[in-house]
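To start, the structure under review is shown below, and the notes come after it.
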Amino acid sequence: MSNLFDLLVAGLATGAIYALVAVGFTLLWQTSQTINFAQGEFVMLPAFLMLAAMHVGAPFWLAIILGILLSMILLGLAFKMLLVDPMMRHGVLPLAIATMALAIGIKEAVKQFFSAEASPFPSIVPTGDISVLGHAVSLQSIGVLVVAILAVFGLTTLLNRTSLGHQMQAAAQNPTVARIIGVPVERMILLTFLINAFLVALASLLITPIYLAKFSSGEVLGQAAFIAAIVGGFNQVRGAIAGGLLIGVLDNLAASYVSTQYRAAVPLIFLIVVILFRPQGLLGRAEERTV
Amino acid sequence: MKSTLLVGALLTAITTTGAFAQAIKLADVAELSGGGATVGTNWKNGIDLAIEEINAKGGVLGRKLEVTHADSQSNPGVARAQVQKALDAEPYVLLGPGYSGSVKVTAPLAAEAGIAQIMGGEAAELTQAGNKFLFRTSFGQQSSMPKVAKYIHDDMKAKSVAVVWVNNDFGRGGRDVVIKELERLGSKVVADLSTEAGQADFAADVGKIKAANPDAVFVYLNEEESARILKELKRQGVTAPLMGETTLIGQKVIELAGDAANGARGHVGLTTDAPVDLIKGFRDRFSKKYNYVPDHNGLKGYLAVYMVKATTEKMGKVDPKAFADTLHGLTIKAADEPGILMDVTFDANGDIDRQSFLVEVVEGKQVVKQVLPKMK
């Protein structure tokens, strides 16, 4: 039973990271019909930006700030202006393929300019355990969960409680009408790209101490978050959060109670079941194609 | 005048050719570029150092040793072509390659030519295909795992063991041997956990280890995964002693795992940190010549050449056809041939038996804790 508790905590911590990344998927999809297959690499890159900052002598806290700012410029602003905007007019599929190319490009560039080998990465949460309900739970798991929950809470507050959030939702739901009533749709779309870049940088900061900084570490994350977004509902932020947590827990339980060899297959089987019986995702809403 | 010059030139040619005919020709094919460049360069430098020493002392049976180096580019296809080219020149013995994959594709060529091949590969299967011309310079898994099992049973006094391994040829090969040996010795395997190469999250695997509550954990993964599982073992508070191979206690693992690597123990076949005077001497001579401290591949290359010397002197003649037969079953003692560094015995498959070392990570440094004797 204690094993189950440990698995649940570890699963929720991993799932919280998936949720952060999955939320980015849904944000980009809702505002600009962008399916970003480089999302995993977007999580891998900020860690290397932070490592590079530390390499030139910046202390860890400054490296974090620089890493997040640089990520927002590169993975938010530059990504939108240099890749999404020019490709968008050619449709969803060419854009999706362009993001696949971007994923390969980022991976190879990191391999070329940093290293093909893994590097250690400092943790923002101290190592050690605390006792929760009589169980020793690692501070790292708790830290990851708390930061992820705060980020998601902040995001939902922004979207639901502020005028800016309402404008973003309007721009996502019906850009034409939003434009007529004076919402600066382009700026709102840019804002979602910046928010996505912030979320992936945060995920990078949380996950890299555990996964190590390596050029290929985005592959697993990107896939898990993509599955989480579909399972939860690609058009709902709350769906992506639920999907992320669910996949994280499911993965850990499958590895422990089904088989380690088939652990990667279990979330995929779950995905197929969801698509067959609830294609809009567990918390998603059915929508018609926009084109 | 012209004719005198011609005679002189002819004489020079004859004497030079004579000298070449006298020399014993070795061919080396190694990873001098590409991903295995560190392996191949250490191996090559080890060979060159040994040859220089042997020739300075008058060679083997009064004949000098000569070696040609060819680059496999760390690519099995290129290795095969280079080995074929080297064999066409009819060398006395073939040295290399270092990568098991390259050895696998070149071994049949050397066997067909009837030339002994002394190589650096460590995969278990290499010497299990019935090749009568292939010899190792270091332990294969079938030699190292029994030592690991014996240490877990005798020294760690573990009655129950959890075995974690990576699901590929390397991991499965090691796992099969170690489990067989542990059970033979009477240690019970209470958890047998396969993991994937590149796996990032070890929470569930470590949870299983914790639930099995073993006396010791044997970890047989690649370097990065070793670092990740060490961190997770520490995170989940697993206190059972950890045992592994070079891949658990290597410098890269220590760098990646940080504190979590402390206390991990591993079996190491060859290390230049070994508390053996002859190895220390080798390390000093190598460092002086090349300005860097060699890794175990430098030792392997060096030993390969001294294997050639000892075997040839045992035969009392330079006979490429009889070389392999002589080396099978041969024991070379360091007292008789200091270049071999440690007493070593070759079995009928070309596998070696030699003393090895038990290394523990203490405050982020590898410390040789114990010398494990030869099995037989």
**Request:** Output the residues belonging to the stretch A:224-269 that are within 23 Å of B:Ala227 (Cα to Cα) and of a type in the set (S, T, N, Q).
**Result:** A:Asn252, A:Ser256, A:Ser259, A:Thr260, A:Gln261
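Taking the stated definitions as given, is A:Leu155 surrounded by 15 or more Cβ atoms within 10 Å (Cβ to Cβ) and either under 23 Å from the mean Cα position of the chain (by Cα) or closer than 29 Å to A:Trp61 by Cα (or both)? Break it down into steps so the answer makes sense when it comes.
On the way: surrounded by 15 or more Cβ atoms within 10 Å (Cβ to Cβ): yes; either under 23 Å from the mean Cα position of the chain (by Cα) or closer than 29 Å to A:Trp61 by Cα (or both): yes.
Criteria met by A:Leu155.
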**Message:** One residue is enough: does the stretch B:269-280 have a residue meeting the conditions in a helix (DSSP H, G or I), closer than 30 Å to B:Gly62 by Cβ and either within 14 Å of chain A (Cβ to nearest Cβ) or in contact (Cβ under 8 Å) with a residue 60 or more places away in the chain (or both)?
**Reply:** yes
**Asked** Of all the helices (runs of 4 or more DSSP H) wholly in the stretch B:189-265, which have at least 1 residues that are in contact (Cβ under 8 Å) with a residue 40 or more places away in the chain, over 22 Å from the mean Cα position of the chain (by Cα) and within 14 Å of chain A (Cβ to nearest Cβ)?
**Response** B:203-212, B:223-235
**Asked** So which helices (runs of 4 or more DSSP H) are wholly in the stretch A:39-141 and hold at least 2 residues that are touching a strand residue (DSSP E or B) at 6+ places or on another chain (Cβ under 9 Å)?
**Response** A:39-55
**Asked** Considering the stretch B:334-375 alone, what residues qualify as being under 19 Å from the mean Cα position of the chain (by Cα) and without any contact (Cβ under 8 Å) to a residue 60 or more places away in the chain?
**Response** B:Ala334, B:Ile340, B:Asp343, B:Val344, B:Thr345, B:Asp347, B:Ala348, B:Gln355, B:Pro373, B:Lys374
**Asked** Is at least one residue of the stretch A:199-206 within 16 Å of A:Asn36 (Cβ to Cβ) and within 14 Å of chain B (Cβ to nearest Cβ)?
**Response** yes
**Residue count for the stretch A:235-280, restricted to those that are more than 14 Å from chain B (Cβ to nearest Cβ), charged (D, E, K, R) and in a helix (DSSP H, G or I)** = 1
**Request:** Select, from B:Gly339, B:Gly298, the only residue that is closer than 19 Å to B:Lys280 by Cα and at pLDDT below 95.
**Result:** B:Gly298
**Message:** With the requirement that a residue be over 17 Å from A:Ala197 (Cα atoms) and acidic (Asp, Glu), what does the stretch A:77-108 give you?
**Reply:** A:Glu108
**Message:** Which condition from (1) without any contact (Cβ under 8 Å) to a residue 60 or more places away in the chain; (2) surrounded by fewer than 17 Cβ atoms within 10 Å (Cβ to Cβ); (3) away from chain B (no Cβ under 14 Å) is the one that A:Asp129 breaks?
**Reply:** (3)
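Does the stretch B:281-329 hold any residues that are in a loop (DSSP other than H, G, I, E, B) and either within 24 Å of B:Arg63 (Cα to Cα) or of a type in the set (Ser, Thr, Tyr) (or both), and which are they?
Start the filter on the stretch B:281-329 by keeping residues that are in a loop (DSSP other than H, G, I, E, B), which leaves B:291-295, B:316-319, B:328-329.
Across the stretch B:281-329, the qualifying residues are B:Tyr292, B:Gly316, B:Lys317, B:Val318, B:Asp319, B:His328.
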**Request:** Pull up the stretch B:81-135, narrow it to residues that are in a loop (DSSP other than H, G, I, E, B) and of a type in the set (A, V, I, L, M, F, W, C), then point me to the one that is surrounded by the most Cβ atoms within 10 Å (Cβ to Cβ).
**Result:** B:Ala116
**Request:** Those residues that are crowded, with 24+ Cβ neighbours inside 10 Å, over 21 Å from A:Ser141 (Cβ atoms) and small (Gly, Ala, Ser), I need them from the stretch A:33-58; list them, please.
**Result:** A:Ala38, A:Gly40
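Out of all the residues in the stretch A:220-234, is one or more assigned to a loop (DSSP other than H, G, I, E, B), within 12 Å of chain B (Cβ to nearest Cβ) and either among the aliphatic types (A, V, I, L, M) or in contact (Cβ under 8 Å) with a residue 12 or more places away in the chain (or both)? Walk me through how you get there before you give the answer.
We begin by selecting, within the stretch A:220-234, every residue assigned to a loop (DSSP other than H, G, I, E, B); these are A:233-234.
Subsequent filtering for residues that are within 12 Å of chain B (Cβ to nearest Cβ) retains none.
Checked the stretch A:220-234: no residue is assigned to a loop (DSSP other than H, G, I, E, B), within 12 Å of chain B (Cβ to nearest Cβ) and either among the aliphatic types (A, V, I, L, M) or in contact (Cβ under 8 Å) with a residue 12 or more places away in the chain (or both).
Looking at this structure, is A:Ala13 within 14 Å of another protein chain (Cβ to nearest Cβ), buried (at least 24 other Cβ atoms within 10 Å of the Cβ) and either in a helix (DSSP H, G or I) or without any contact (Cβ under 8 Å) to a residue 24 or more places away in the chain (or both)? Show your work before the answer.
Numbers: within 14 Å of another protein chain (Cβ to nearest Cβ): yes; buried (at least 24 other Cβ atoms within 10 Å of the Cβ): yes; either in a helix (DSSP H, G or I) or without any contact (Cβ under 8 Å) to a residue 24 or more places away in the chain (or both): yes.
Yes; evaluated as a whole, the condition is true for this residue.
The values are calculated or read from the model by the stated rules, or taken from the named source; none is laboratory data. This one's a predicted model, so the numbers in the text were calculated from it and none came from an experiment. All Cβ positions, glycine included, derive from the backbone under ideal geometry; neighbour counts span all protein chains shown.
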